[in-house]
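Below is one structure, written out as structure tokens; the observations come after it.
The values are calculated or read from the model by the stated rules, or taken from the named source; none is laboratory data. Since we're looking at a predicted model, the values are computed, not measured. Cβ: placed from backbone, ideal geometry, glycine included. Neighbour counts: every protein chain shown.
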Amino acid sequence: MSIETSFIIPAYNAQRSIKDCLDSIYAQVVSSESYEVLLVDNNSLDQTVAIASSFSRLKIIKEPKQGRSYARNAGASNAKGKFLAFIDSDVVLEERWLEEHLHLWREGIGGQQGAIIPAQTDGQESLNRYRYRSIQESTAGSFVLLSLNFPESPMINSAACFYTKEAFEKVGGFDPCLTRHEDIDLSKRVFLAGYDLAITEKARAYVSYHDIGWGSYLRRSFADGYTKIDYFAKWNQYNQGAKRGKRNLKYVYLDLIKPLGLFFMTFESYFFLKALNSFLKTLGQLTGMIRLKNHFKVQPIMKNQNQATQMKVFHHSKVLYEYDQGPMLKKVNSL
């Protein structure tokens, strides 16, 4: 049997999670002869490679250039499969994850996303409760980033995602110039290259948060905003005038002002934490704008951001979405 799917796991100092991740991959219900597993070691200093070496049929690749995009691209260049399944080293898959993606795929689809759910296994109960509720609310319970309607849409989360090798290679893979948001950058490029993107909520993956406590989580929120300005600059969404300004004010209200108001009404800590998280992301973006202006500029990927794009995104529950000329997903009808 030929290799159909290549699992690619970028790993850096992942000794705490890599065994559970690999166990879940080898527990997939599809034939083990139909897939290969590639672990890309990105200069780990712990026991990641030693633990991974205990698994049979595992190929270990060394990527000296630091960064998850370099690691994922190295794995893809060594992959034999028609499909590329990128799985982060802190993710555990349900046993039918791959089966559900293969069942969903049809000709013309370039990328797919399943549900990515915060795990409850790392002992950080309050943080995990917040993460779970926040993602659950923002995705209407689907836990699928691709289902969101934001200026950055369509978005696929690379923690556990599924692409055809053809689409991945056509657009040049992950952009290593982006330290974050390289995953939503990839899904947008695949989409604009003419491929459909698809969702299957039945393909469930669970991601653990391995840093320590709220301090590291909130620092990461700031870093998320700080680096997102690079993504905006690349896509020429930086300082785009009144229409975008009004749209951004809408999200400031939904993500910052509204939660703060609910906190003062209910004194529920969740709403305060949600407002604080949004504030830090906004502060990070403002700081990133100063850095971008003075030190660094990413060239936009397209010369004409207003070109009409009429591609489709298919939802597993038979709801059809259409890309409506701008960077928003618009629900148009039910099948």
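Observations, loosely collected:
- Flag if Ala76 is in contact (Cβ under 8 Å) with a residue 60 or more places away in the chain and either more than 14 Å from Tyr12 (Cβ to Cβ) or within 22 Å of the chain's Cα centre (by Cα) (or both): yes
- Criterion: assigned to a strand (DSSP E or B), more than 23 Å from Leu186 (Cβ to Cβ) and of a type outside the set (Asp, Glu) - qualifying residue of Ile60, Ile8, Ile51: Ile60
- Exactly one residue among Ser44, Ser56 is surrounded by fewer than 16 Cβ atoms within 10 Å (Cβ to Cβ) and either in the same structural domain as Val144 (by TED's automatic domain parsing) or under 20 Å from Leu145 (Cα atoms) (or both), and that residue is Ser56.
- Failed item, numbered, when Ala71 is tested on (1) among the aliphatic types (A, V, I, L, M); (2) part of a loop (DSSP other than H, G, I, E, B); (3) within 19 Å of Arg180 (Cβ to Cβ): (2)
- Residue within the range 43-62 that is at pLDDT 95 or above and under 21 Å from the mean Cα position of the chain (by Cα) present: no
- Evaluated against (1) among the acidic types (Asp, Glu); (2) more than 18 Å from Phe83 (Cβ to Cβ); (3) part of a helix (DSSP H, G or I), Glu152 falls short on exactly one condition, (3).
- Any chance Ile25 is among the aliphatic types (A, V, I, L, M), within 30 Å of Cys177 (Cβ to Cβ) and not in a helix (DSSP H, G or I): no
- The range 1-22 residues that are farther than 25 Å from Glu33 by Cα and at pLDDT 95 or above, paired with ones that are in a helix (DSSP H, G or I) and aromatic (Phe, Trp, Tyr) (beta carbon under 7 Å, 6 or more apart): none
- Neighbours by Cβ (under 9 Å, 6+ apart or cross-chain): first from the range 263-276, of a type in the set (Val, Ile, Thr); second surrounded by 12 or more Cβ atoms within 10 Å (Cβ to Cβ): none
- For Glu33, the criteria (1) part of a helix (DSSP H, G or I); (2) without any contact (Cβ under 8 Å) to a residue 60 or more places away in the chain; (3) under 25 Å from Gln120 (Cβ atoms); (4) of a type in the set (Asp, Glu) hold in every case but one, which is (3).
- So Val37, is it over 16 Å from Asp183 (Cβ atoms), in the same structural domain as Asp175 (by TED's automatic domain parsing) and in contact with a Leu (Cβ under 9 Å, 6 or more places away or on another chain): yes
- Filter result for Phe168 (outside any helix (DSSP H, G or I), surrounded by 15 or more Cβ atoms within 10 Å (Cβ to Cβ) and either of a type in the set (D, E, K, R) or at pLDDT 95 or above (or both)): no
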